[in-house]
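Participant: My questions will all concern the structure given below.
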Amino acid sequence: MHTALLQSSGRPGDVAHNLRVLDDAARAAAANGAGLLAAPEMFLTGYAIGDDVPKLAEPADGDSAAAIAAIATRHGLAVAYGYPERDGETVYNSVQLISADGTRLANYRKTHLFGCFERDHFTPGDQPVVQAELAGLRVGLMICYDVEFPENVRAHALAGTDLLLVPTAQMHPFQFVAESLVPVRAFENQMYVAYVNRTGPEGEFEFVGLSTLAGPDGVARARAGRGEELVSADVDPAFLAASRENNPYLRDRRPGLYASLV
């Protein structure tokens, strides 16, 4: 499945503008043969929006979800996007995956909140593994800081995730996560990892770009620079199966030794 990563911060606070950016990216990605487009963490509203988080938060089946479902069906590709999710009085930092026919396939709530801003505005999710079937692949969802916990990604590996989508808001000076950690996570867990970032200054943050699609061999199939960019690469089930056959990490685990870790 050809997979596109939209590296963009859109326009913080302007949902309508960000939907137009997503529509344009979906059109370009589909023209390039993509079956999936992934956008960054909090792409719908912007990340550094402070006290506007609860004002702009929407339910998983809200107006913007319907608008993105229309984008997906119009261009014939699945879309994953980050957004602030409202569930009653509770707000989560979430990512939702919508299929090419407009069906809401999966919704994940970030389980590991980063920094005071996130802890002040969001409630952490409590479901570590959220998956959906898409084009013959088992797709898992995660957000930013979550991927930095090896237990999180290993849980996905044990649950059979083939492609892990990680919308992110990765900021300076932590660019080593995109450069080094993400390819290692893909290798040690024998999966593809799509890490799609924001870019440029936003409030007190400086997002570093460097969006990456890494394969199970630890090699980046696509890597963006520091600016606004749409990059893409193939997620190849045959290559993944061969890599899993040749790499013994998951087979050679000895879970009985690890009980003290939890």
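The values are calculated or read from the model by the stated rules, or taken from the named source; none is laboratory data. As the structure is a computational prediction, the values presented were derived from the model and not from experiment. With ideal geometry, Cβ positions are generated from the backbone for all residues, glycine too; neighbour counts draw on all protein chains shown. Just the protein is used for accessible areas: all its heavy atoms, side chains included, with ligands, DNA and RNA removed. Shrake-Rupley method; radii C 1.70, N 1.55, O 1.52, S 1.80 Å.
Participant: If I go through the stretch 203-221 residue by residue, how many of them are closer than 22 Å to Asp146 by Cα and open to solvent by 10 Å² or more (accessible area, probe 1.4 Å)?
Facilitator: Counting residues in the stretch 203-221 that are closer than 22 Å to Asp146 by Cα and open to solvent by 10 Å² or more (accessible area, probe 1.4 Å) gives 9.
Participant: Of the residues Val153, Val177, which single one is out of contact with any His (no Cβ under 9 Å at 6 or more places or on another chain), closer than 24 Å to Leu44 by Cβ and not in a loop (DSSP other than H, G, I, E, B)? Outline the logic, then answer.
Facilitator: Values: Val153 fails: closer than 24 Å to Leu44 by Cβ.
Just a single option satisfies the conditions, and that option is Val177.
Participant: Here is a follow-up. Could you please tell me which pairs satisfy a Cβ distance under 9 Å, a separation of 6+ or placement on different chains, a first residue in the stretch 154-179 that is under 22 Å from His2 (Cβ atoms) and among the hydrophobic types (A, V, I, L, M, F, W, C), and a second residue that is open to solvent by 30 Å² or more (accessible area, probe 1.4 Å) and modelled with pLDDT of 95 or more?
Facilitator: Leu163/Met1; Leu163/Arg138; Ala178/Arg223
Participant: Those residues that are without any contact (Cβ under 8 Å) to a residue 40 or more places away in the chain and touching a His at 6+ places or on another chain (Cβ under 9 Å), I need them from the stretch 1-32; list them, please.
Facilitator: Gly10, Arg11, Ala31
Participant: Further, regarding this structure: Can you confirm whether the stretch 180-199 contains a residue that is closer than 29 Å to Asn107 by Cβ, of a type in the set (D, E, K, R) and open to solvent by 70 Å² or more (accessible area, probe 1.4 Å)? Show your work before the answer.
Facilitator: Start the filter on the stretch 180-199 by keeping residues that are closer than 29 Å to Asn107 by Cβ, which leaves 181-199.
Imposing the further condition that a residue be of a type in the set (D, E, K, R) reduces the set to 185, 188, 198.
Those still in the list that are open to solvent by 70 Å² or more (accessible area, probe 1.4 Å) too: none.
No, the conditions are met nowhere in the stretch 180-199.
Participant: Then there is this: Limited to the stretch 49-93, what total is found for residues that are more than 28 Å from Ala28 (Cα to Cα), open to solvent by 10 Å² or more (accessible area, probe 1.4 Å) and part of a helix (DSSP H, G or I)?
Facilitator: Summing the residues that are more than 28 Å from Ala28 (Cα to Cα), open to solvent by 10 Å² or more (accessible area, probe 1.4 Å) and part of a helix (DSSP H, G or I) in the stretch 49-93 gives 5.
Participant: Here's a check for you: in the stretch 105-123, which residue that is assigned to a loop (DSSP other than H, G, I, E, B) and not aromatic (Phe, Trp, Tyr) is farthest from the chain's Cα centre (by Cα)?
Facilitator: My answer is Thr123.
Participant: Within the stretch 125-142, is there a residue that is open to solvent by less than 10 Å² (accessible area, probe 1.4 Å), under 17 Å from Thr212 (Cβ atoms) and assigned to a helix (DSSP H, G or I)?
Facilitator: Checking the stretch 125-142: not a single residue is open to solvent by less than 10 Å² (accessible area, probe 1.4 Å), under 17 Å from Thr212 (Cβ atoms) and assigned to a helix (DSSP H, G or I).
Participant: Right, here's the next one. Kindly establish whether Gly46 is in a strand (DSSP E or B), in contact (Cβ under 8 Å) with a residue 60 or more places away in the chain, open to solvent by less than 10 Å² (accessible area, probe 1.4 Å) and of a type outside the set (Val, Ile, Thr).
Facilitator: Considered against the rule, which asks whether it is in a strand (DSSP E or B), in contact (Cβ under 8 Å) with a residue 60 or more places away in the chain, open to solvent by less than 10 Å² (accessible area, probe 1.4 Å) and of a type outside the set (Val, Ile, Thr), Gly46 comes out as no.
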